Each structure stands twice: as structure tokens, then as C-alpha cells.
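A quick write-up on the structure given underneath.
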Amino acid sequence: DLQPEVKLFKKLRKDHGKTSNVIQLVEEIERGYPDIIELEYIRGKTILELLKEESSFSPEKTLQYSAGIFQGLLELKISEIFHRDLWLSNIMVEEETGRVVIIDLGLATDQPNAPKLGNRRYGGENDLQSLGQIMYKMATGRHIFNPTVDKSTHWIPDEVKVERERTYADPEQLEKRLQQVDEQVHDHQIAEIIRLCLTAQGTDEDYVDLEKRFNNAA
């Protein structure tokens, strides 16, 4: 059933006309196939594919991609949509332009009190916390909540989810993770943005603060 997803795409189109950093609905196919929709075609690779090639990104590329993801989240927020499944395979980089595009609204919702479903790898209380984890991965090549720190390709999603929830339940453990950011991410601006994302509550103030940080870092 794609109707909930189509509803969100239509809401984005109504609010923005054309989104820059979220994939767009081209049209619904109404020829006896109610479960088929046409989306914008992105010629490029996912962040997951790019990290397999490079292991981690330079500070410049990390900032570029992170700013693009944030702008996509901002577009979603303006439409009061929560993605809830932000991770490496749901973000693409357009080959010709370098444009970063959030794809797949399958778990997204416009209900602010909806449960936090799925996304064991990069989940959290809000999309900004997911962005912080993705930024750390891009900057270091490792997952910040990965129990098997030495081999980031060998982590199991359920283990990551358990470790993340354990960390957020204990302020001392969370502070250790934030110190880990300062130790492992050598670019000060990137480290500061990651810390803000990881501790974000998803409020308007969080988005305003992060927008300023990304603009200053550009």
C-alpha cells in the first residue's frame, strides 16, 4: 500500500513545488495499477556505496553531504514530515551535480506522536539524531554506537540499536560518546555539529541552531 507514501509526496509538492534535497513524486500511474508511482530518477550512488569506495570522507565532503541531508530534513520539517528511516542507503548523491537527495519515504509520517519504527542502524528519537550518527560514520568510517569498533562492517543492526538505547538511557554513557566525537573527529566544526545532532530533541530551536552552524561552516 503506497497511498500513505503518496500522500506525503503530494504534501511536499504542495508545500514546496519542487524539493531540492528530497526525492520528488513525478506522477501517479493511474492505469489500473494503484500501487505504482513514478519518482524522480537520481543518477548517482548512495552514501553506503560511496563509503565502500572511500571508507571515510574528507572534512569538505562530509560537510557537503551533511549539509545536503540537513536541507532535506528541513524540507521535510516544513511539511511536518518525519522521515524515521534515515540511513546510508536512503541518501543518494547525484553524479553530475553532487546534489544530496533523501529517498524512500516508506516509513515517514506526518503524525508527530507516531512510534519510532524501524531503523535499528541509525535510529533515535528524531531525524537529527540519525543525522549525527551518519555524520560520524562519514567522518570516521565507523558507527558511533557500533559494539565491534575495530570492524565497522561486522556490526549487527540489533546490537547497534541496543547499544544506542543503553547510551541514551545513561547520561554518563552519552557524555562518553560525545567525548568520543571530540577525540575521533578532528575537524572542530564537524565535531560540534555532530554533538548538537546527537543531543537534539528535534525542536524548532535545534533546526535553527544547526542551520546557522552549517551556514557558518560552508
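Out of Ile23, Ile36, Ile91, which single residue is touching a helix residue (DSSP H, G or I) at 6+ places or on another chain (Cβ under 8 Å) and of a type in the set (A, V, I, L, M, F, W, C)?
Ile91
Only one of Glu49, Glu96 is touching a residue at least 24 places away in the same chain (Cβ under 8 Å), over 18 Å from Leu8 (Cα atoms), open to solvent by 20 Å² or more (accessible area, probe 1.4 Å) and of a type in the set (Asp, Glu); which?
On inspection, the qualifying residue turns out to be Glu96.
What pairs come up if the first residue lies in the range 194-218 and is of a type in the set (Val, Ile, Thr), the second is outside any helix (DSSP H, G or I) and at pLDDT 95 or above, and their beta carbons are under 8 Å apart, counting only those six or more places apart or on different chains?
From the range 194-218, the pairs are Ile194/Val185.
Starting from residues that are among the hydroxyl-bearing types (Ser, Thr, Tyr) and within 27 Å of Ala67 (Cβ to Cβ), keep the ones in the range 143-192 and report whichever is modelled with the lowest pLDDT.
Ser152
Say whether the condition of being touching a residue at least 60 places away in the same chain (Cβ under 8 Å), open to solvent by 40 Å² or more (accessible area, probe 1.4 Å) and under 27 Å from Leu74 (Cβ atoms) is met by at least one residue in the range 124-140.
Checked against the condition, which is being touching a residue at least 60 places away in the same chain (Cβ under 8 Å), open to solvent by 40 Å² or more (accessible area, probe 1.4 Å) and under 27 Å from Leu74 (Cβ atoms), the range 124-140 yields at least one hit.
Exactly one of (1) among the β-branched types (Val, Ile, Thr); (2) buried (at least 19 other Cβ atoms within 10 Å of the Cβ); (3) without any contact (Cβ under 8 Å) to a residue 24 or more places away in the chain is unmet by Ile91. Its number?
For Ile91, the failing item is (3).
Considering the range 54-69 alone, what residues qualify as being modelled with pLDDT of 95 or more, of a type outside the set (S, T, N, Q) and out of contact with any strand residue (DSSP E or B) (no Cβ under 7 Å at 6 or more places or on another chain)?
Phe57, Pro59, Glu60, Lys61, Leu63, Ala67
Find the residue count for the range 176-218, including only residues that are outside any helix (DSSP H, G or I), more than 15 Å from Thr62 (Cβ to Cβ) and open to solvent by 70 Å² or more (accessible area, probe 1.4 Å).
1
Out of curiosity, is Arg213 in contact with a helix residue (DSSP H, G or I) (Cβ under 7 Å, 6 or more places away or on another chain) and closer than 30 Å to Glu80 by Cβ?
Values: in contact with a helix residue (DSSP H, G or I) (Cβ under 7 Å, 6 or more places away or on another chain): yes; closer than 30 Å to Glu80 by Cβ: yes.
It is true that Arg213 is in contact with a helix residue (DSSP H, G or I) (Cβ under 7 Å, 6 or more places away or on another chain) and closer than 30 Å to Glu80 by Cβ.
The values are calculated or read from the model by the stated rules, or taken from the named source; none is laboratory data. What you see is a predicted model, and the numbers here were worked out from it, not measured in a lab. So basically every Cβ, Gly included, is an ideal-geometry build from the backbone, and we count neighbours across all protein chains shown. Heads up: the accessible areas ignore ligands, DNA and RNA and are worked out on the full protein's heavy atoms, side chains in. Shrake-Rupley method; radii C 1.70, N 1.55, O 1.52, S 1.80 Å.
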